[in-house]
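Trainee: Structure below; questions to follow.
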Amino acid sequence: MQPRIPHQQAAERGPIRVDIEARLSEELAAVVAGARRRALRDGDRLIDTAHLLHTLLESDPHVRAVFDSDPQVARLLGYLVQRSIGYGLRWQGSVEDSGAVPTVTEDGWSPVAAGAVEAAYERAVRRGDELADAVDLLASIVAEPESRAVEVLGRAGVDVRELLARIDSAAGQGIEA
């Protein structure tokens, strides 16, 4: 049985598409696999930024460390769970899109989530690394004001600008919003 959210190799998609998942650290590849499973369980046909945020929070201590406090992370996880069992249903059947023409399109990815993964890789390259890590992905998700993850962060009472500043401070580099 093939998964409903396929992971295709770059060669299958043609020469102009890049396999963005090949640019991820081993830990971040596990996060993407978790987000893919979460999307499938939620009945979503595309991985979106809220799926990525949920899996990042559950699996990566470095991501949890950039938030204000453990209660803030717990509240955020509570909203993400509600998303998968309730209010996220209004997102089913729709595509997470910033309104801009996506520069990266991936089968199984919302345009915003695919762009966030690409931006995470670019952030890693600017830092001098060959692969993106979990905090790179968090920064790129949070920097996209139209993402579902930013909507969830807002509902949980997280100040997105302050979060970006903490990520920036921890990494010692600027973040393009």
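Any read-out appearing in this document is the output of simple, stated calculations on the displayed coordinates, not a laboratory observation. Since this is a predicted model, take the numbers as computed values, not measurements. Every residue, glycine as well, gets a Cβ built from its backbone with ideal geometry; the counts of neighbours run over all protein chains shown.
Trainee: Taking K and R as +1 and D and E as -1, what net charge do the other residues with C-beta under 12 Å from the C-beta of SER69 add up to? Walk me through the numbers on the way to the answer.
Mentor: Details: positive: ARG64, ARG75, ARG166; negative: ASP68, ASP70.
Cβ neighbours under 12 Å give a net charge of +1.
Trainee: Right, next: Would you grab the residues whose amide H sits under 5 Å from the one on ALA132? Only those 5+ places off in sequence or on another chain, please, with H modelled 1.01 Å from N.
Mentor: LEU24, SER25
Trainee: For ARG166 and VAL125, compute 0.36 nm times the residue count separating them, minus their Cα-Cα distance, and round to one decimal in nm.
Mentor: Values: separation 41, 0.36 × 41 = 14.76 nm, distance 2.01 nm.
The ARG166-VAL125 span can extend by a further 12.8 nm.
Trainee: Would you calculate the separation in nanometres between label points at ASP19 and ASP68, each defined as 7 Å from the Cα along the Cα-to-beta-carbon direction?
Mentor: For the pair ASP19/ASP68, the computed spacing is 4.2 nm.
Trainee: Taking θ = phi - 60°, what integer Hz values does the Karplus form 6.51 cos²θ - 1.76 cosθ + 1.60 yield along the range 115-129, in sequence order, with x for Gly and Pro?
Mentor: Those phi angles translate into x, 5, 5, 5, 5, 5, 4, 4, 4, 5, 4, 4, 7, x, 9 Hz.
Trainee: Which residues' amide hydrogens lie under 5 Å from the amide hydrogen of TRP109, considering only partners 5 or more residues apart or on another chain, with H built in the peptide plane?
Mentor: HN-HN under 5 Å from TRP109: ILE47.
Trainee: Oh, and also: When you count, for each residue, the other Cβ atoms within 10 Å and take the mean per peptide, how do 68-81, 38-51, 141-154 rank with the highest first?
Mentor: My ranking of the peptides, most packed first, is 38-51, 141-154, 68-81.
Trainee: If each of GLU146 and ALA30 carries a label point 7 Å out from its Cα toward its Cβ, how far apart are those two points in nm?
Mentor: 3.4 nm
Trainee: Please list 3J(HN,Hα) in residue order for the range 158-166, calculated via the Karplus relation 6.51 cos²θ - 1.76 cosθ + 1.60 where θ = phi - 60°; whole Hz, with x for glycine and proline.
Mentor: Each residue of the range 158-166 in turn: 8, 7, 5, 4, 5, 4, 4, 5, 5 Hz.
Trainee: A further question follows. Among GLU118, GLU27, rank each residue by its count of other Cβ atoms within 10 Å, from fewest to most, as a rough exposure measure.
Mentor: Numbers: GLU118 20, GLU27 13.
Ranked by crowding around the Cβ, least crowded first: GLU27, GLU118.
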